[in-house]
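One structure is given here, and the rest of the page talks about it.
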Amino acid sequence: MHLREQLSGQTQSPGVLASGSHFAPSNIALCKYWGKRDAALNLPINPSLSVSLGHLGTQTQLTPIDAAADEVWLNGVPQAPSSQFSTRLLRLLERLRFPEEPKLRIDTHNSIPTAAGLASSASGFAALARALNESFQLQLSDARLSVLARLGSGSACRSIFHGFVEWQMGQRSDGLDSHAIPWPHTWPQLCIGLLKVDASVKAVDSRSGMQRTLETAHLYQSWPAQAAADLQALRQAIAEQDFALLGARAEHNALSMHATMIASWPPLLYWQPDSLQAMQKVWQLRQQGLPLFFTMDAGPNLKLLFEAQNRQQVEAAFPDLEILQPFVDEI
Ligand code: DP6
């Protein structure tokens, strides 16, 4: 069955394609997605939990064009069709388009500060899913939008929503039940500090990194159970606004994921000397009584977790920090 029919029931083109501009926020996982049970559909081995970053993310516009090929623009600059960036976006578009429909121009703008070392594929595919939904007039529910975004990049399924977002791993082989859901809780005091160690493109991206871990790391066997337990603890932390529990579980979860990476072969170590130095500084400050934790993704940068009342102390220790309050920032 054509993906479009599977998602929306649509079997023929609505005719004229609409053009619209859509935003999706970036997200930071507190319980990480690491490992796929189906690589073609981006179906995860474990559920995950993230917090969306308010106004930081991607704005994407789709416009039908009278041309022989699609066009991809990033921050106002045309991208080569063969670049990795264009190929991934066009692959998702191609899976949805009917043959008789026109080519499109994809215009993508990232509001993520380039210095923050944040990946933009999550917000990028979520914004693209929203724009495709409008262009092809699919009228997808949020859950189906999340499924569509997931096909572009797993973590993108969480960027369909704001606030705390859980990606329910689902059980079906077609993946229609593997999508994100928003949690009702807010946490206005919660701050995320983006600590850039190195924003250059990483040597091994998340996609190949998690595949390598799955295939070669003996420690990976313990990961699904750990992630499930972390998710439960984080659920409790958020419901009770227990910051010490939230920070500890998020940090432990990230370090456990990195332990599985390090146990891969060839080894995957995303840390740089400055990453380690920053971790040790966090631990030292914590020992001195400051409730400060970190999480890390498949890269050398740290995302610090703390509450607004400790902002000054954290800023004094890390002057270059980009600080966000996901539940207060204007959306
Ligand atoms: C470490 O979503 O980028 O950031 O599904 O292959 O596109 P693909 O992977 P991706 O992996 C993100 C991994 C992570 C953890 C997380 O965001 O949950």
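Brief remarks follow.
- Among the residues of the range 176-189, those that are in a loop (DSSP other than H, G, I, E, B) and touching a residue at least 24 places away in the same chain (Cβ under 8 Å) comprise L176, S178, W183, H185, T186, W187, P188, Q189.
- L285 vs. criteria within 18 Å of C31 (Cβ to Cβ) and over 22 Å from the mean Cα position of the chain (by Cα): no
- For the range 162-175, filtered to residues that are over 12 Å from the mean Cα position of the chain (by Cα) and of a type in the set (A, V, I, L, M, F, W, C), the residue that is nearest to P326 (Cα to Cα) is F164.
- S123 being hydroxyl-bearing (S, T, Y), crowded, with 24+ Cβ neighbours inside 10 Å and within 10 Å of the ligand (Cβ to nearest atom): no
- Picking from residues in the range 271-321 that are hydrophobic (A, V, I, L, M, F, W, C) and under 13 Å from H258 (Cβ atoms), the one that is surrounded by the most Cβ atoms within 10 Å (Cβ to Cβ) is L302.
- Residue tally, condition under 25 Å from W271 (Cα atoms) and assigned to a helix (DSSP H, G or I), over the range 283-310: 5
- Taking the conditions (1) surrounded by fewer than 19 Cβ atoms within 10 Å (Cβ to Cβ); (2) touching a strand residue (DSSP E or B) at 6+ places or on another chain (Cβ under 9 Å); (3) under 17 Å from L3 (Cβ atoms); (4) not polar (S, T, N, Q) in turn, L89 satisfies each one other than (1).
- Selection over the range 220-250 of residues that are over 18 Å from P47 (Cα atoms), in a helix (DSSP H, G or I) and free of Cβ contacts under 8 Å to residues at least 24 places away in the same chain gives a count of 2.
- Unique residue being more than 14 Å from the ligand (Cβ to nearest atom), among the polar types (S, T, N, Q) and at pLDDT 95 or above when the list is Q168, Q232: Q232
- Within the range 1-76, strands (runs of 3 or more DSSP E) holding 1 or more residues that are within 16 Å of the ligand (Cβ to nearest atom): 20-31, 36-38, 48-65
- Any hit, the range 182-189, residues being modelled with pLDDT of 95 or more and crowded, with 24+ Cβ neighbours inside 10 Å: no
- Per-region count, the range 190-219, residues assigned to a helix (DSSP H, G or I), away from the ligand (no atom under 14 Å from the Cβ) and of a type in the set (S, T, Y): 1
- Single match in S153, S178, S159 (criterion: over 19 Å from F327 (Cα atoms) and within 11 Å of the ligand (Cβ to nearest atom)): S153
- Matching entry among L43, L104, L62 (being within 16 Å of the chain's Cα centre (by Cα), of a type outside the set (S, T, N, Q) and farther than 28 Å from V197 by Cα): L43
- Residue match in the range 260-270 (condition: in a helix (DSSP H, G or I), at pLDDT 95 or above, surrounded by 15 or more Cβ atoms within 10 Å (Cβ to Cβ) and within 19 Å of the chain's Cα centre (by Cα)): yes
The values are calculated or read from the model by the stated rules, or taken from the named source; none is laboratory data. On a predicted model such as this, the values are computed, not experimentally measured, just so you know. When we count neighbours, we look across all protein chains shown, and the Cβ atoms used for this are built from the backbone with ideal geometry, even at glycine.
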